[in-house]
Amino acid sequence: QVQLLESGGGLVQPGGSLRLSCAASGSISSSRIMGWYRQAPGKQRELVASITSGDNTNYAGSVKGRFTISRDNAKNTVALQMNSLKPQDTAVYFCYVLGSNGLEYWGQGTQVTVSS
């Protein structure tokens, strides 16, 4: 069974940067899609960024130009570089994988807080 573990969250001031990392217990080379979702208190969970097996990327309009998603198949990791962070980015961030078998996998989440 695939297991995902996020890391890199924390508290930063507006304008700061964080890099989130998601480590998979198994190979991600055959995954259809890998991505990051986030959920703020009282809000619906939303897609932040995704990357396909063909390295096509997609970003939410609110983060486009500030966040960058990448993957390293050799290391079985997917990362999210977050720059120019805003208070509105405060949320729990979840790693997501859509496997080649059609099954979905979720990480436990990591807290990102942007506050002055």
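The values are calculated or read from the model by the stated rules, or taken from the named source; none is laboratory data. Because the structure is a prediction, the values reported are computed rather than measured. Glycine gets a Cβ as well: all are built from the backbone with ideal geometry, and neighbour counts include every protein chain shown. Calculation scope for accessible area: heavy atoms of the full protein, side chains included, ligands and nucleic acids excluded. Shrake-Rupley method; radii C 1.70, N 1.55, O 1.52, S 1.80 Å.
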- [ ] Only Cα pairs under 8 Å and at least 6 apart count here; give the relative contact order of the stretch 1-82 as a rounded whole percent.
- [x] 30 percent
- [ ] Pop a pseudo-label 7 angstrom from the Cα along the beta-carbon direction at both ASN83 and ASN58 and give the gap in nm to one decimal.
- [x] 2.4 nm
Task: Extended-chain gain in nm, criterion 0.36 nm per residue less alpha-carbon gap, LYS43 and ARG19 - done: 6.4 nm
TODO: Go from 0 up to the bin containing the longest alpha carbon distance in the chain, width 5 Å each, and give me the % of pairs per bin.
DONE: 2, 13, 24, 26, 18, 10, 5, 1, 0
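Can you give me the accessible area per residue for the chain, using a 1.4 Å probe, in Å²?
53 Å²
Share of Cα-Cα pairs in the stretch 33-78 beyond 12 Å, in percent?
Tail of the P(r) past 12 Å holds 63 percent of the pairs.
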TODO: Note the full-extension length gain between ARG32 and THR113 as 0.36 nm times their separation in residues minus their Cα-Cα distance, in nm to one decimal.
DONE: 26.2 nm
